[in-house]
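Take a look at the structure set out below.
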Ligand SMILES: [Zn+2]
Ligand SMILES: [Zn+2]
């Protein structure tokens, strides 16, 4: 999960309408898959291992595209479990395991991310990271400050349970352990590179599920249909005109006034030129570079910014508006404008029908706070969105703060004090197992 806004958690609080305890969920007609009661003891049996893996990964974090140790442990685990296929080295360090069930059926994918962040850990945990890695040419402290250590360990636990049940499984389960979810400067996102390297070419799932730990009561699952995490697109604008003397602006292009007009126009697009009641969106200009003296009006200016929204069509619409508005303003001043965009992540949008179908599985896995299906939008971006562009899926958030009191008090993802309550680990394992089984048992092929 990539953080772009210091206050995203403040707006990311849940406003759920549906909240069922596991006990209540068991009473829901049509609840979960028939396997829930069989899965619970299997989760309990694997939890000690999942905790140990999580602590080991936490003490040995690796930056994006450098997850060699982590990937090695994952691949060895899947091989030991007797997976039908274990592919390694996809998108640098990605691992994909294929587990074929004993009965015919569809294909479903589960995903975990493995990368850590360049942060000096300050949790004081006995297994806190002391690791340093090369980052941007210098030795940098590395920390699992986004919980991907937990994600990797939970999916390894789910793999162990599902491998033990394989004779009964109707279909195939694909386990994706991907690198570089946080992004690596100058390189494309881990999920996108996995797809470009053909992760779905040979075995294509018809659904994918993934989760993320985040501040919140332990085991509370936050989710919503359609756009959930924002898409993010970077804006780069180069304005070019004729440089002139500050005392004689009429002899050149007034590029500074043009820059001011561009900023004002772009930042009102998302509040005045689109239906704000449909879906939230933001266009921000975050950097301006122009000029270097009191008496020179420069010939060029560069502006950087970002577009965030929760609907892919809205994103395309705003990109066109940013380009057209900038070019029209530039033309008014006799300047030229070069406008380019860089996609950081697409909108992470959950398939509503699929969410309905696997909701009983999430309810059966969730902690006492249950599942909130109307969670607020998250102003963070996820490269899971690239899988969702290829196949329908559901991405959900797992509350995981130790001794949770308030969101404001909980260290956020990417904080040097970010930590999880390990009680969330069996909940995540169960959610993985039950979403996959529920999908294969009740959806695929029907
Ligand atoms: Zn993150
Ligand atoms: Zn993350």
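A few comments on the model shown:
- Residue in the stretch 402-425 that is assigned to a helix (DSSP H, G or I), buried (at least 22 other Cβ atoms within 10 Å of the Cβ) and touching a helix residue (DSSP H, G or I) at 6+ places or on another chain (Cβ under 6 Å) present: yes
- Matching residues, the stretch 99-113, being more than 22 Å from residue 148 (Cα to Cα) and either crowded, with 24+ Cβ neighbours inside 10 Å or in contact with a strand residue (DSSP E or B) (Cβ under 7 Å, 6 or more places away or on another chain) (or both): 99, 100, 101, 103, 104, 105, 106, 107
- On the stretch given as the stretch 253-263, residues that are surrounded by fewer than 19 Cβ atoms within 10 Å (Cβ to Cβ) and either part of a strand (DSSP E or B) or over 31 Å from the mean Cα position of the chain (by Cα) (or both) total 5.
- Counting residues in the stretch 394-410 that are more than 30 Å from residue 127 (Cα to Cα), more than 16 Å from ligand 2 (Cβ to nearest atom) and in contact with a strand residue (DSSP E or B) (Cβ under 7 Å, 6 or more places away or on another chain) gives one or more.
- Residue within the stretch 156-175 that is assigned by TED's automatic domain parsing to the domain that holds residue 370, crowded, with 24+ Cβ neighbours inside 10 Å and within 16 Å of ligand 1 (Cβ to nearest atom) present: no
- Every residue from the stretch 379-397 that is in a loop (DSSP other than H, G, I, E, B) and either more than 14 Å from ligand 1 (Cβ to nearest atom) or more than 13 Å from residue 199 (Cβ to Cβ) (or both): 379, 382, 391, 392
- Look at the stretch 362-383: where a residue is at positive phi and a partner is part of a helix (DSSP H, G or I) and away from ligand 2 (no atom under 16 Å from the Cβ), sitting 6+ places away or on another chain with Cβ atoms under 8 Å, you get 370/22; 370/24; 370/25; 370/363.
- The stretch 299-310, residues that are surrounded by 20 or more Cβ atoms within 10 Å (Cβ to Cβ) and assigned to a loop (DSSP other than H, G, I, E, B): 310
- Failed criterion for residue 327 (all others in (1) over 17 Å from the mean Cα position of the chain (by Cα); (2) surrounded by fewer than 19 Cβ atoms within 10 Å (Cβ to Cβ); (3) in contact (Cβ under 8 Å) with a residue 60 or more places away in the chain hold): (3)
- Evaluating residue 152 against the criteria (1) touching a strand residue (DSSP E or B) at 6+ places or on another chain (Cβ under 7 Å); (2) surrounded by fewer than 18 Cβ atoms within 10 Å (Cβ to Cβ); (3) part of a helix (DSSP H, G or I) leaves one unmet condition, (2).
- The set of residues from the stretch 67-98 being touching a strand residue (DSSP E or B) at 6+ places or on another chain (Cβ under 9 Å), assigned to a loop (DSSP other than H, G, I, E, B) and at positive phi comprises 82, 91.
- Subset tally (residues that are closer than 23 Å to residue 69 by Cβ and either over 23 Å from the mean Cα position of the chain (by Cα) or in contact (Cβ under 8 Å) with a residue 24 or more places away in the chain (or both)) for the stretch 135-173: 26
- One residue from 34, 41 being away from ligand 2 (no atom under 16 Å from the Cβ), modelled with pLDDT of 95 or more, surrounded by fewer than 19 Cβ atoms within 10 Å (Cβ to Cβ) and not in a strand (DSSP E or B): 41
- Entry remark, the stretch 87-98: residues being closer than 19 Å to residue 160 by Cβ, touching a helix residue (DSSP H, G or I) at 6+ places or on another chain (Cβ under 6 Å) and buried (at least 19 other Cβ atoms within 10 Å of the Cβ) number 2 in total.
- Residues of the stretch 195-223 satisfying the condition of being more than 16 Å from ligand 2 (Cβ to nearest atom), more than 23 Å from residue 441 (Cα to Cα) and touching a helix residue (DSSP H, G or I) at 6+ places or on another chain (Cβ under 8 Å): 195, 218, 219
- Single unsatisfied condition, residue 286 versus (1) surrounded by 15 or more Cβ atoms within 10 Å (Cβ to Cβ); (2) in a strand (DSSP E or B); (3) within 26 Å of the chain's Cα centre (by Cα): (1)
The values are calculated or read from the model by the stated rules, or taken from the named source; none is laboratory data. Note that the structure is a prediction, hence the values are computed from the model and not measured. Note: ideal-geometry Cβ built from the backbone for every residue, glycine included; neighbour counts use all protein chains shown.
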